[in-house]
Amino acid sequence: MTVPEVPSRPERVAVPTRPAIPPTLATLLGVAAMFVILMGVRDLQSIIGPVTLAAIVVITFFPMSTWLRARGCPGWLAIGVTLVAMFLALSAIAAS
């Protein structure tokens, strides 16, 4: 029985060590990109705030709905109880 030959590895190609763009230019582009992002966030804060609040509320109360459904509660009742709990929590926060 003969042992099959293992193909040899290809020779490594030399890779240039200098960066594609100078570090100073990379830093300048990074600062400019950060400035543009921050200005965009400032302009969109009227949208970002409510969307973030909605995401936090959903992430906080979704386990309650899942838990109620797992305990045999009908879907419509689980969602109704969760909505009432959300309303009460947000009312308590607004009242404080």
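The values are calculated or read from the model by the stated rules, or taken from the named source; none is laboratory data. In this text the structure is predicted, and so the values were computed from the model without any measurement. When we count neighbours, we look across all protein chains shown, and the Cβ atoms used for this are built from the backbone with ideal geometry, even at glycine. Note: accessible area is taken over every heavy atom of the protein model, side chains too, but ligands, DNA and RNA are not part of it. Shrake-Rupley method; radii C 1.70, N 1.55, O 1.52, S 1.80 Å.
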Extension gain from residue 93 to residue 52, taking 0.36 nm per residue of separation minus the Cα-Cα distance: 13.2 nm
FRET E, pair residue 39, residue 59, Förster distance 41 Å, beta-carbon r, rounded to 0.05: 0.90
Volume per residue that the Cα convex hull of region 6-53 spans, once the total is divided by residue count, Å³: 144 Å³
With every protein chain in place, the chain: carbon and sulfur % of accessible area (1.4 Å): 74 percent
Label-point separation in nm, residue 81 to residue 2, each point 7 Å along Cα→Cβ: 7.5 nm
Residue-normalised accessible area of region 1-91, expressed per residue, 1.4 Å probe, Å²: 91 Å²
From phi via Karplus (6.51, -1.76, 1.60), per-residue ³J(HN,Hα) for region 31-36 in Hz, x at Gly/Pro: 5, 5, 5, 4, 4, 5
Helix axis angle, 75-95 relative to the chain longest principal axis, alpha carbon, degrees: 90 degrees
Rg/Rh (Cα only; Kirkwood hydrodynamic radius) as it applies to the chain: 1.42
